[in-house]
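One structure is given here, and the rest of the page talks about it.
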Amino acid sequence: MESAGKTGLLIQETLYTAQALKVLEIAYQTRFLDEKLSSLAKQNKGGTFHLSPKGHELVGAVCALGLISKKDWSLPYYRDQAFPIGLGCDLVDIIGTFLGRDAKTQSSGRMMPYHYSDSEMRILCQSSPVGSQFLQATGRAYGVKQAKSSEVVYVSGGEGSTSQGDFHEALNFSCIHKLPVIFVIQDNGWAISVPIREQTAGGSILKITNGYEGLTSTEVNGSDVAEMTKAFSLAVQKAREGNGPSVILTKIPRLAPHSSSDDQKKYREAHALEEDIKNDPIHVFEQNLLESGLVDEAKIEVLKNQAKAFVDEKAKEAEALPLPTPESVELHIFKDFEVESGEENLGSEVVMMDAINHALQEEMERDPNTYVFGQDVAKGKGGVFGLTRGLTERFGEDRCFNTPLAESTIIGLSLGLSSGEKQRVISEIQFSDYVWTGMNQLMNEISSFHWRANGEWSAPLVIRIPCGGYIQGGPYHSQSIEAYLAHCPGLKVVMPSNAYDAKALLKAAIRDPNPVIFLEHKLLYRQRVFSARKEPSKDFLLPFGKANTTLEGSDMTVVSWGYTLVMAHEIAERLKKEDYSIEVIDLRTIVPLDEEAILKSVQKTGKLLVIHEDAKNGGFGAEISARINEKAFEFLDAPIKRVCGKNTPIGYSKVLENATLPQKEDIEIAMRELLDY
């Protein structure tokens, strides 16, 4: 039987009445919650930053009811508050997080309000950088497809977020792989103060999305529940049947300023504001229901009173939640992990590139939910250095695959895919110099994912990055980036100097539930004199944070990593013939740092030389020097000395490269000066 009135849904009237009332209930709860949070903010009760979802309520409610709670995945943006409410999230946690309380979910006060996170509801932890969620949703959808599940992934954003490159990269990848992801764009015409005509060419993102093959693009009225329900149902059906992604553009009025610190009267005309208020989607929906005869004024009043009472009750519970303790800020930077190693059982000697390749093969064989991807890593090429050669042939194109030439895609996918319950990721950035276009996903998203979710989510991923100079790579194939990475809490940073360490550390990294950046010095891939080693067995792992003393001594301590460690070891061995006793420490992992090994050595030798090829200014050597100065000053017999790269880009000409990067003679001079001090 067809429903009466303007709503016009082609389902049974009794079913539609129940669904309509549920949409209205969610919308009312969201609207009254908005008023409550605004009031709490004005009272300065812990939350001062208020973002209103007015006008967006029906969209979120319809989409939440169109998914299967606790099964489907979602990444709702900050204006989409009706979605987590409709999905079943506890308002106590949502309000508690707004007040900065130690709630069970929704980041427990670690994130700003409106950044949703609930592992039970499968809402991945959201963040503030606009548009970053789109690639993560795409990665999660790839994981769903590989699991051969009927789950779908929902991701929402405002129309302003579609200007971000990550949005277009996400559409591209999801169309290439026909992924079960639904992009819902809530268009209120304004990105803070920037109108759509200044934001998007042609005035509508659909004019652009229509160019993606296999993508269904639909525009709907965000005040028309029937139209939205139909469009979203079709998108869900398409996704569940494995037919690929959809974009739904919902047009809604702008009823409130961007935030409590914004005044839209400064940039919008009064008549436009008044017109939007007249078109409040909740009021439009109420009128439609009344005209259809499905509800009356009395029923609407009852629903409003129930929603308001419900919100008031939850607000009281939220205000009673405790504040987080100061000590808790250091919890969940990393997820606990203990290395469980098997026997060493050394085999034949291999170079570092072969050791890394063997580690990848063994771990992919051990765990069928392990994936390798990046630019040029698949099929015959196996990466520009050949380290992933043979993986596609052995494990298939779904588990070792090429990505588009887009570092943000690679890193965003890494987070989304690894956030599943079992899937692990090893992605590759072709050169360290190219990582910067993906740094938003790495530094703002991956690094804090576990911490800002208060331990609810983790990201078991490894990002392999060839780095370093000495091979005439010029300014964009020679960078050392460990200091940048070490400065960012939540990332483990590894840099082996030889094949033995590379294999055992990489295997540990892959099994680690935390994000690990695995830096590989390009010059050491095929180096034999120092870096070739007998290969440990497939069950042998090395723990992080344990430095290796490559040469014992008593006159001076040298700390280094990567290729400069190899040079330092060689010079120390040479000076040993002159009766100098130099202790050389290979850090192996930058984060965590084996501070104890350095302190113990300096207490014995009284002198410290730190060597790295990265620029001296702000290099990681400065961090080591500061720590030793703080904790072992009384043991020092000389000032701490550093040998580092110059504070210049690295030129292509061998003359320029040599002038920039530390050379063996520079290291020897520094060693002799410190020994003679």
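Using a 1.4 angstrom probe on the protein heavy atoms only, line up ASP263, ASP34 by accessible area, largest first. Intermediate values should be presented prior to the final figure.
Values: ASP263 65, ASP34 5 Å².
Heavy-atom accessible area, descending, gives ASP263, ASP34.
Return the percentage of antiparallel bridges among DSSP beta bridges fully within the chain, rounded to the nearest 5 %. Please list the in-between numbers first.
Working: 10 of 65 bridges.
In the chain, DSSP labels about 15 percent of beta bridges as antiparallel.
If one computes the Cα centroid of segment 361-405 and of segment 453-516, what distance in Å separates the two points?
18 Å
Run the 1.4 Å probe and let me know the accessible area of ASP539, rounded to the nearest 10 Å².
80 Å²
Which one of VAL153, GLY202, GLN29 has its Cα pushed farthest toward the positive end of the charge dipole of the chain, where Lys and Arg give +1 and Asp and Glu give -1 at the Cβ?
About the Cα centre, the residue reaching furthest to the positive side is GLY202.
Show which lysines lie in cross-link reach of LYS265 when reach means a straight Cα distance below 24 angstrom and same-chain residues fewer than eight apart are skipped.
The reachable lysines, counting only those whose Cα sits under 24 Å from LYS265, are LYS36, LYS42, LYS54, LYS251, LYS278.
For segment 329-372, with the dipole built from +1 on Lys and Arg beta-carbon atoms and -1 on Asp and Glu ones, taken about the Cα centre, which of HIS332, ALA355, GLY342 lies farthest toward the positive end?
HIS332
Which of the pairs LYS546/LYS616; LYS335/LYS379; LYS104/LYS422; LYS148/LYS492; LYS145/LYS492; LYS104/LYS230 have their Cα atoms more than 26 Å apart in this structure? Walk me through the intermediate numbers first.
Values: LYS546/LYS616 24 Å; LYS335/LYS379 34 Å; LYS104/LYS422 23 Å; LYS148/LYS492 32 Å; LYS145/LYS492 29 Å; LYS104/LYS230 35 Å.
In this structure, LYS335/LYS379; LYS148/LYS492; LYS145/LYS492; LYS104/LYS230 lie more than 26 Å apart at Cα.
Tabulate in residue order the Karplus-calculated ³J(HN,Hα) for segment 105-115, using 6.51 cos²θ - 1.76 cosθ + 1.60 with θ = phi - 60°, rounded to whole Hz; enter x for Gly and Pro.
Whole-Hz 3J(HN,Hα) from phi for segment 105-115: 10, 6, 6, 6, x, 7, 9, 4, x, 6, 10.
Given the protein chains as shown and a 1.4 Å probe, how many square angstrom of HIS283 are accessible, to the nearest 10?
Counting only protein heavy atoms, HIS283 exposes about 100 Å² to solvent.
Could you tell me the accessible area of MET443 in Å² (1.4 Å probe, neighbours in place), rounded to the nearest ten?
Counting only protein heavy atoms, the figure is 50 Å².
May I ask you to list the GluC sites (Glu not before Pro) in segment 572-677 that are in a DSSP loop and have at most 10 other Cβ atoms within 10 Å of their Cβ?
On the way: sites: GLU573, GLU578, GLU583, GLU595, GLU596, GLU613, GLU623, GLU630, GLU634, GLU657, GLU665, GLU668, GLU673; in loops: GLU578.
When the GluC sites (Glu not before Pro) of segment 572-677 are filtered for loop state and at most 10 Cβ neighbours within 10 Å, GLU578 remain.
Please sort 76-84, 392-400, 638-646 by packing, taking for each peptide the average over its residues of neighbouring beta carbons within 10 angstrom, highest first. List each step's numbers first, then the result.
Working: 76-84: 27.0, 392-400: 15.7, 638-646: 18.4.
Final packing ranking: 76-84, 638-646, 392-400.
Using the Cα centre as the reference, give the magnitude of the dipole from point charges on the C-beta atoms of the chain (Lys, Arg: +1; Asp, Glu: -1; all else neutral), rounded to the nearest 20 debye.
Values: 72 positive and 92 negative charges, 135 e Å.
Its charge dipole is roughly 640 debye.
Return one whole number: the accessible area per residue of the chain in Å², for a 1.4 Å probe.
Roughly 39 Å² per residue, with all protein chains present.
Considering only protein heavy atoms and a 1.4 Å probe, what is the carbon-and-sulfur percentage of the accessible area of segment 184-272?
Working: 2060 of 4120 Å².
Exposed carbon and sulfur together represent 50 percent of the surface.
Can you sort GLU407, GLU275, GLU338 by 1.4 Å-probe accessible area, starting with the largest?
GLU338, GLU275, GLU407
Gap in Å between the Cα centre of segment 233-274 and the Cα centre of segment 555-595?
The distance from the Cα centre of segment 555-595 to that of segment 233-274 comes to 58 Å.
Note down the magnitude of the dipole of segment 302-400 about its Cα centre, charges +1 on Lys and Arg C-beta and -1 on Asp and Glu C-beta and zero elsewhere, to the nearest 20 debye.
So the dipole magnitude of segment 302-400 works out to roughly 800 debye.
For LEU290 paired with SER341, estimate the spin-label separation in nm (one decimal), with each label point 7 Å from Cα along the Cα-to-Cβ line.
Each label point is offset 7 Å from its Cα along the Cβ direction, giving 7.4 nm.
The values are calculated or read from the model by the stated rules, or taken from the named source; none is laboratory data. Everything numeric in this text was worked out from a predicted model, so none of it was measured. Positions of Cβ are backbone-derived with ideal geometry, glycine not excepted, and every protein chain shown enters the neighbour counts. When the accessible area is computed, the model is the full protein with side chains, heavy atoms only, and any ligands, DNA or RNA have been set aside. Shrake-Rupley method; radii C 1.70, N 1.55, O 1.52, S 1.80 Å.
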